[in-house]
Amino acid sequence: MSNLKNAFSQGKAFIPFITCGDPDLATTAQVVTAAAANGADIIELGIPFSDPTAEGPVIQAANIRALKGGVTTDKIFAMVQELRRNIKIPLVFMTYANVVYSYGAERFLEQCAAVKMDGLILPDLPYEEKEEFAPLCRTHGLDLVSLVAPTSEKRIAMIAREAEGFLYIVSSLGVTGVRAEIKTDLAAIMAAVRENTNLPAAIGFGISTPEQAKKMSMLADGVIVGSAIIKILAKYGQDAPPYVGQYVREMKNAIIS
């Protein structure tokens, strides 16, 4: 069984997102460790990109800080390799197609396999173009995670039928960022997903409070949170790991099934 799919087998999953290298890779490693210790079921690791089109201002700023600090894809691979000495939960890279292209797709996925990554999320990769990466991901044992957005509509069925690992359900139109209220008809999207796959589905974009997490977990199999965690990192910098750990624990407790 896919390690990503299996991460949902014990109940609702909490999936934090962390931008690698913000404020530095040593802190990133400590934050990943704290998140895993406090109940994270899967961790998304963002590889910084200069033009992250799906990201709102909070994560864009984190990308800029990380890139200015000198983070590179190779340095991130080295960090993950070291983390894998102790971190056993699934890890997924979230980045952009251009990052993979510029590194070399075959080489990138070989390195992912070498450091025991479990999946890849490319938010700018249209469903119709996923075959550029999907065969390579399969060759190297990674799940290419598909996204379903409010605009997917009639495409939900075919996206769901071919999905791997888990489905990433985008809660709202627009970019990532904390939202006071999520108004999308997620129940209808989840119904369409359930009709076409038995893979778990996790909702992300805009979730920041335990109350929101609990509400979303009633609809889906997991909850993904990014901007709220990046705000903690922006506030506390190198002192952030215990604060992120506490936040992860609170969110995980809110969604336990």
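Just so it is clear, none of the values below were taken in a lab; they were calculated from the coordinates. Small disclaimer: the values here were computed from a predicted structure and weren't measured. Virtual Cβ from ideal backbone geometry, glycine too; neighbours counted across all protein chains shown.
Tabulated data
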| read-out | value |
| --- | --- |
| Percentage relative contact order, the chain, counting C-alpha pairs under 8 Å, at least six apart | 27 percent |
| Cβ-defined net charge surrounding Asn98, 11 Å radius [Lys, Arg +1; Asp, Glu -1] | -2 |
| Rounded, prolate or oblate (a/c below 1.5 giving rounded, otherwise prolate when a/b exceeds b/c) for region 109-241 by Cα gyration tensor | oblate |
| Cα gyration tensor category, rounded, prolate or oblate, for the chain with a/c compared to 1.5 | rounded |
| Neighbour-count ranking [beta-carbon atoms within 10 angstrom, fewest first] of Met79, Met251 | Met79, Met251 |
| Segments 7-16, 157-166 sorted - mean Cβ within 10 Å per residue, highest first | 7-16, 157-166 |
| Cβ crowding within 10 Å averaged over residues, with 86-97, 229-240 ranked highest first | 86-97, 229-240 |
| Spin-label model distance (nm) - Leu219 vs Glu162, 7 Å beyond Cα toward Cβ | 2.5 nm |
| R0 of 22 Å, Cβ-Cβ distance Thr72-Ala114: FRET efficiency to nearest 0.05 | 0.85 |
